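Here is the structure we will look at, set down as structure tokens.
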Amino acid sequence: MSHRTTTLRHARKAAAVAVVAVAAFGLTACQDNADASGSSSSSAASDSSDSGSSGSSGSGSSGSGSSDGGSSGSAGGDQGNGGAGGGGGAGAGACKTSQLGFRSSHGMGEGTLIVDLKNNGSAPCTLQGFPGVDLKSKNGSLSAERSDLAAPKTKVKPGEETRFTLYYPPNNSGGSGETFTTLVVTPPNETHSHSLPVSINVPVTDGSASAIKVDPVGTGK
């Protein structure tokens with residue numbers, strides 16, 4: 001009984017430390033920018049079925065079985081229809097979460113995750129801005145901060161893909177760290193989210209580590 005009690009005490013202590021780590025990485029949603037971009041989704045939003053968001057085939061985590069995050073989401077910027085940058089053209093409206101397929105894969109560099117967005121609709125659509133990105137673990141969730149990159153306007157034809165990159169501090173501490181198992185993505189200028197299974201392990205720190213950051217959609221190709 002003494003050994004079991006000690007083990008339980010260690011487990012509770014480790015969970016408390018992990019919660020501190022989650023708070024240290026910035027347990028608040030991304031702040032809205034003045035440029036054309038979408039803000040971070042709220043991880044607490046109620047989930048409903050996202051009928052049009054099955055992930056495309058390929059390596060990395062599939063979007064099948066993910067959920068649509070209801071009213072969570074981004075206050076849209078000046079996305080507009082068509083225009084310059086990234087091949088935007090007249091008549092291409094903003095991409096909706098329901099018409100996009102989602103897929104994630106780890107990048108070439110350590111501490112990077114690539115998220116592909118595929119237009120599963122029958123007409124071109126445009127994406128411009130930062131996606132809302134929430135990471136969830138058993139101990140809580142946090143929102144990725146925005147990088148300093150400008151957000152291009154990207155036209156995505158039916159069957160084509162674009163992407164964004166998530167950066168996080170890899171766990172090289174030798175400890176168990178904190179593992180995030182769900183990535184909740186809200187496309188720019190959208191209010192509905194899509195969840196992806198992931199495996200992202202970060203070190204448990206006192207808050208001195210770099211923040212988890214995300215680039216705008218259409219960059220990093």
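The values are calculated or read from the model by the stated rules, or taken from the named source; none is laboratory data. Keep in mind it's a predicted model, so treat the numbers as computed, not measured. Cβ atoms come from the backbone with ideal geometry, glycine included; neighbour counts cover every protein chain shown. Accessible surface is based on the protein model in full, side chains and every heavy atom, while ligands, DNA and RNA are left aside. Shrake-Rupley method; radii C 1.70, N 1.55, O 1.52, S 1.80 Å.
Count of segment 107-125 residues, restricted to those that are open to solvent by 30 Å² or more (accessible area, probe 1.4 Å), modelled with pLDDT of 95 or more and within 18 Å of the chain's Cα centre (by Cα), is 1.
To keep it simple, each residue is scored yes or no on (1) out of contact with any Gly (no Cβ under 8 Å at 6 or more places or on another chain); (2) open to solvent by 20 Å² or more (accessible area, probe 1.4 Å); (3) closer than 21 Å to SER105 by Cβ.
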{"site": "SER143", "(1), (2), (3)": "no, no, no"}
{"site": "VAL156", "(1), (2), (3)": "yes, no, yes"}
{"site": "THR162", "(1), (2), (3)": "no, no, yes"}
{"site": "LEU166", "(1), (2), (3)": "yes, no, yes"}
{"site": "PRO170", "(1), (2), (3)": "no, yes, yes"}
{"site": "SER173", "(1), (2), (3)": "yes, yes, no"}
{"site": "SER176", "(1), (2), (3)": "yes, yes, no"}
{"site": "THR182", "(1), (2), (3)": "yes, yes, yes"}
{"site": "HIS192", "(1), (2), (3)": "no, yes, no"}
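In this entry, ASN201 passes the filter for residues that are modelled with pLDDT under 95, open to solvent by 40 Å² or more (accessible area, probe 1.4 Å) and part of a strand (DSSP E or B). On the given criteria, is THR182 of a type in the set (S, T, N, Q), in contact (Cβ under 8 Å) with a residue 24 or more places away in the chain and under 18 Å from ASN139 (Cα atoms)? So THR182 passes the test.
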